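Written out below as structure tokens is the structure these notes cover.
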Amino acid sequence: MVNVIVGLWGKEMSEHLVSRITAELAEAEGRPEPRAVVNVIGLPEGGYGLLGRVRRSSDFLALIEEAKTGPAAHVPDGMVVDPVCGATVPLEEAVVLERDGQTYGFCCTHCRGHFVRESGAAGVP
């Protein structure tokens, strides 16, 4: 049993989290389909804490963005990688941001909003 506790974006991230965690467990166990239940638990905004303080989704998105490591994986045609959390999502389902001739795809509005705030593009819709 793997419990993953996430903020408001839990519903949007569930598919990515379940497939990614299952793939990591499969690799660790050396079997194609590990016997694991992945439970994505969404908490309301302000319903979780870290280091003695109540945290918001934006705090956790910053931690997720910081934690991304390793080389970029091959991205299949028609897919995009969320620059904040690293989720690989179909382009037609992604929350898109066009800026300076570049198209960014996000798994959810929370990641897009975080990217806009952190990149100083607050005026971009």
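Please give the FRET efficiency for VAL54 paired with ASP77, using the beta carbon to beta carbon distance and R0 = 41 Å, rounded to the nearest 0.05.
Details: r = 42 Å, r/R0 = 1.03.
The formula returns an efficiency of 0.45 here.
Under 5 Å from the amide H of CYS108 lie the amide H atoms of VAL95, each residue being 5 or more positions distant or on a separate chain, with H modelled from the backbone and absent for Pro and chain starts. Each residue of region 26-38 was assigned a 3J(HN,Hα) from its phi angle through the Karplus expression (A = 6.51, B = -1.76, C = 1.60, θ = phi - 60°), giving 4, 5, 5, 8, x, 9, x, 9, x, 8, 8, 9, 9 Hz with x at Gly and Pro. Summarising the amide proton neighbourhood of ARG55: residues at separation of 5 or more, or on other chains, whose placed amide H is nearer than 5 Å comprise TYR48, GLY49, LEU50.
The 3J(HN,Hα) values that the Karplus relation (6.51, -1.76, 1.60; θ = phi - 60°) gives for region 105-112 are, in residue order, x, 10, 6, 7, 5, 5, 5, 4 Hz. Gly and Pro appear as x. The slack between ARG31 and LEU63, meaning 0.36 nm per residue of separation minus the straight C-alpha distance, is 8.5 nm.
Each of GLU92 and THR109 was given a label point 7 Å from its Cα along the Cα-to-Cβ line. The distance between the two points is 2.3 nm. Residues whose amide H lies under 5 Å from that of ALA87, counting only those 5 or more places away or on a different chain, are ASP82; hydrogens are built 1.01 Å from N in the peptide plane.
Radius of gyration over Kirkwood radius for region 2-118, both on Cα atoms: the Rg/Rh ratio is 0.98.
Each value in this text was obtained by applying a stated rule to the coordinates, not by laboratory testing. Computed from a prediction, not measured in an experiment: that's the story for all the values here. Reconstructed Cβ throughout: ideal geometry from the backbone, glycine too, with neighbour counts over all protein chains shown.
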